[in-house]
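Shown next, in structure tokens, is the structure this report addresses.
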Amino acid sequence: MVSPLSLSKKVCVIGAGPSGLVAARELRKEGHNVVVLEQRYDVGGQWLYEPNVESEDPLGKKKFLQVHSSIYASLRLISPREIMGFTDFPFLVKKGRDTRRFPGHRELWLYLKDFCEHFGLREMIRFNTSVEYVRMLEYDEIGKDLKWMVKSRDKSSEEMAVEEVFDAVVVATGHYSHPRLPTIKGMDTWKRKQMHSHIYRVPEPFRNEVVVVVGNSLSGQDISMELVEVAKEVHLSAKSLNITEGLSKVISKHENLHLHPQIETLQEDGRVVFVDGSWLIADTILHCTGYSYTFPFLDTKGMVAVDDDRVGPLYEHTFPPALAPSLSFVGIPRKIIGFPFFEAQAKWIAQLLSGKRTLPSREEMMHSIEEFYRSRDAAAIPKHYTHDIGDFEYCDRYGDHIGFPHLEEWRKQLCLSALVNADANLEAYRDSWEDHELLQEALQSPHFTQLGAEDLTF
């Protein structure tokens, strides 16, 4: 529903990564008074590289992490740059910068800085500010004229924490920081080095070591390919030995890279025993096992909870029915083309808060969520994959709530071609591809010509 009424709200956005930046832009566009709280010294969120990780717990078990970014030094994008930009701000090649189609992480950070400067977002952001506590103010009827108390602290000064009242809070803190760890017998008593890839940065500390990499996700594969150049042996432990053609090629190429099934137990003498009975003595175990959703600052009186990585209940992965639209989340979904989806979320939130649109009733939203959960259960999809979308049609349907344009066909096809190429050519897919016609279609589309692409150089 659309209403001509327009209201201005005081809104707190937590986080100045991709989702927080686009949320701030859309909220301001709707006339809201926006404050963005960012714990780091600059924008970028996950893409603001942190080389110094010594202060972090190796397994990331603390409630509040010291290190936010999980980016390692050599990381390159797994998607081509053409598909990644916001709809009105293409991820152009810039002279003097990283011009590759799959650039390094710094190039995406620079894109986000460009986005921030182009739209004048920096004036809304308080940097070096940690959010310690967010709670509802007591009201007779939850969800009606709800306000939020946000307690934050300027990390660069000795001043006391500040408490402020907001009409709405948008949580945009990302989901690639808090390690998700496996449960392995003997893990807590194993005396040698264990760490999560959250604090992996460079391969040199593993020189001449025997390293077990747990998990063969893209990051596990990337890190394993990097470690084989310096480690004595790299042993990749995977849930399934049914691996891609690309990974099989890599393993056959390196004599010191080996594939194993899951770990059965870790023994105090350094032995790592696999479920097939084989074993080895390792120096280091590196867990590349993904990340969990966590909001340690947020108190919703149990109305929003994280259960095995299911953040809920959330209508359309964005709105808690009992608290929306005064509380919302941007950037929860995974396995999507992220930036356009975040943009659609941000527009919907901003227009709800200004009164231009309304949500369904609380009961209707809960019914939708329950139906979604049932469909996932029927498809035997584990709970911790609740927010893994992997569905272009869903992204298009989401945009329909606010008249947001569907993903362009070239964007979808470039995404799929990169995934197929990575499966077949794991080592080379970022630098060798065969989707030239799709690329030309993309570069000639309105997305790239809208700003004038005189500095495009492919």
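The values are calculated or read from the model by the stated rules, or taken from the named source; none is laboratory data. Just so we're clear, the structure is a prediction, and the values are computed from it rather than from any experiment. Methodologically, a virtual Cβ is constructed for each residue, glycine included, from the backbone with ideal geometry; neighbour enumeration extends over all protein chains shown. The area values use the complete protein model at the heavy-atom level, side chains included, leaving out ligands, DNA and RNA. Shrake-Rupley method; radii C 1.70, N 1.55, O 1.52, S 1.80 Å.
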Has region 42-55 got at least one residue that is more than 15 Å from the chain's Cα centre (by Cα), over 30 Å from Leu181 (Cβ atoms) and of a type in the set (Gly, Ala, Ser)?
no
Within region 5-26, count every residue that is touching a Ser or Thr at 6+ places or on another chain (Cβ under 9 Å), surrounded by 24 or more Cβ atoms within 10 Å (Cβ to Cβ) and not in a strand (DSSP E or B).
5
Does any residue of region 247-264 turn out to be among the small types (Gly, Ala, Ser) and within 27 Å of Phe64 (Cα to Cα)?
no
Which of (1) assigned to a loop (DSSP other than H, G, I, E, B); (2) more than 19 Å from Ser328 (Cα to Cα) does Gln46 not meet, given it meets every other one?
(1)
Of all residues in region 158-186, how many are part of a loop (DSSP other than H, G, I, E, B), among the small types (Gly, Ala, Ser) and buried (at least 17 other Cβ atoms within 10 Å of the Cβ)?
3
Residue count, region 386-412, condition closer than 24 Å to Leu323 by Cα, open to solvent by 60 Å² or more (accessible area, probe 1.4 Å) and in contact (Cβ under 8 Å) with a residue 40 or more places away in the chain, comes to 1
Give the residue, chosen from Asp299, Asp283, that is modelled with pLDDT of 95 or more and closer than 30 Å to Ala172 by Cβ.
Asp299
Looking at (1) open to solvent by less than 60 Å² (accessible area, probe 1.4 Å); (2) out of contact with any Lys or Arg (no Cβ under 8 Å at 6 or more places or on another chain); (3) touching a residue at least 60 places away in the same chain (Cβ under 8 Å); (4) not charged (D, E, K, R), which is the one condition that is false for Ala442?
(2)
Scan of region 57-105 for residues that are open to solvent by 20 Å² or more (accessible area, probe 1.4 Å), assigned to a loop (DSSP other than H, G, I, E, B) and among the charged types (D, E, K, R), ordered by number:
Asp57, Lys61, Lys62, Lys63, Asp88, Lys94, Lys95, Arg97, Asp98, Arg100
Can you list the strands (runs of 3 or more DSSP E) lying wholly within region 240-341 that have 1 or more residues being among the small types (Gly, Ala, Ser), without any contact (Cβ under 8 Å) to a residue 12 or more places away in the chain and touching a strand residue (DSSP E or B) at 6+ places or on another chain (Cβ under 6 Å)?
none
Of all residues in region 40-59, count the ones that are closer than 25 Å to Leu353 by Cα and touching a strand residue (DSSP E or B) at 6+ places or on another chain (Cβ under 8 Å).
1
